1. Go through (1) more than 20 Å from the chain's Cα centre (by Cα); (2) surrounded by 20 or more Cβ atoms within 10 Å (Cβ to Cβ) and name the single condition residue 298 misses.
2. Given the options 218, 201, name the one that is under 27 Å from residue 71 (Cα atoms) and either at pLDDT 95 or above or more than 22 Å from the chain's Cα centre (by Cα) (or both).
3. Within the range 80-87, is even one residue more than 16 Å from residue 150 (Cα to Cα) and at pLDDT below 95?
4. Does the range 128-140 contain at least one residue that is modelled with pLDDT under 95, exposed (fewer than 15 other Cβ atoms within 10 Å of the Cβ) and away from the ligand (no atom under 16 Å from the Cβ)?
5. If a residue counts only when it is over 26 Å from residue 94 (Cα atoms) and either within 16 Å of the ligand (Cβ to nearest atom) or not assigned by TED's automatic domain parsing to the domain that holds residue 163 (or both), which helices (runs of 4 or more DSSP H) contained entirely in the range 182-282 have at least 3 such residues?
6. Among (1) out of contact with any helix residue (DSSP H, G or I) (no Cβ under 6 Å at 6 or more places or on another chain); (2) outside any helix (DSSP H, G or I), which single condition is residue 389 missing?
7. Report every pair of residues separated by at least 6 positions or lying on different chains whose Cβ atoms are under 9 Å apart, first residue within the range 160-176 and outside the structural domain of residue 308 (by TED's automatic domain parsing), second modelled with pLDDT under 65.
Ligand SMILES: [Mn+2]
């Protein structure tokens, strides 16, 4: 008997049939699906309307944006694309940043949807409502076993997204400011990468170099990430602590880059001297107390000027009390609020791309790191869509009310 059923399955005799109660004619599943169904008359729609996703429900994409696997699907053009690089096999301490893209998307769910449209007092606008097409392009399927292959996969993915035509929703003034740097004179999409350990920046810079030539870097991090590449094999020398030095050797960066938030332990002053040869100036974590946020912003703007610039933010720049889920935590960091204020002050620089890296959610508590990272990405979006830093909030008071 068992053999007979198996034979029937193989030959198609067991295809499921459904009976229409009215005429007793058996209907196949195909016939049911092709029948015209008027959902407006069904109980759910007639009573409650659309099946909306709430802040805490629905499939996972960044801020409930449309999700496309852009690498294989070019059907939807975009001005700004988000892409996940789930990679963590070049870390020196705690692994786990391969889950970063998932954690950042999960932390972003309340930024839009469930009634929120992403408008904030700080910006006076919403990045989702500026006429630009922002698309979640999914994750790159990266080798977890062969780092050389994974780096090549990341570069190929970034090349692919950069080569796509833009929809042109970004306003003209902003468009002209980055288009002028492209070697082909064309407008290219801007990509926000969700890491991944920090090594993901090396293939990104290799890719950007083909479109823009060498770029300056604004680097938020507790660590320099410019340590001399060391290892008995080529691949061993490329880590999340050396990738900027490798990038400089490859000629991918200008020598006008700057770090913000440095506080790690070092060998000595020689590390800073070497860092200088890679092309960086250093803003230390404590500078924010000695000079204030405004001076930190001015220093970065002065260093970068009107050059094309890539912004890379390692979540460990934030104090581990506010962002514990990271691979190499360093105490005494900036608050999330301070980082966000500095970022907003950089609006108007000629950004060609952004990333946020080193989010490793296995070490998180109550999702705070994922939520912080997602909120920073919300700022990245506005930084690309607004022309100058937002003015201080005045609110229901006049400016004089603030002079106590
Ligand atoms: Mn780093």
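The values are calculated or read from the model by the stated rules, or taken from the named source; none is laboratory data. The structure presented is a predicted model; accordingly, all values stated were derived computationally and were not measured. A quick note on method: Cβ atoms are made from the backbone with ideal geometry, for glycine too, and the neighbour counts reach across all protein chains shown.
1. For residue 298, the failing item is (2).
2. None of the others qualify; the one that does is 201.
3. Among the residues of the range 80-87, at least one is more than 16 Å from residue 150 (Cα to Cα) and at pLDDT below 95, which makes the answer yes.
4. Yes; the residues of the range 128-140 include at least one that is modelled with pLDDT under 95, exposed (fewer than 15 other Cβ atoms within 10 Å of the Cβ) and away from the ligand (no atom under 16 Å from the Cβ).
5. Per the criteria, no element qualifies.
6. Every condition holds for residue 389 apart from (1).
7. Here the result reads none, with nothing in the range 160-176 linked to a residue that is modelled with pLDDT under 65.
A quick yes/no check of all residues on (1) outside any helix (DSSP H, G or I); (2) under 18 Å from residue 373 (Cβ atoms); (3) out of contact with any helix residue (DSSP H, G or I) (no Cβ under 9 Å at 6 or more places or on another chain):
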| site | (1), (2), (3) |
| --- | --- |
| 292 | no, no, yes |
| 296 | no, no, no |
| 311 | yes, yes, no |
| 327 | yes, yes, no |
| 332 | yes, no, yes |
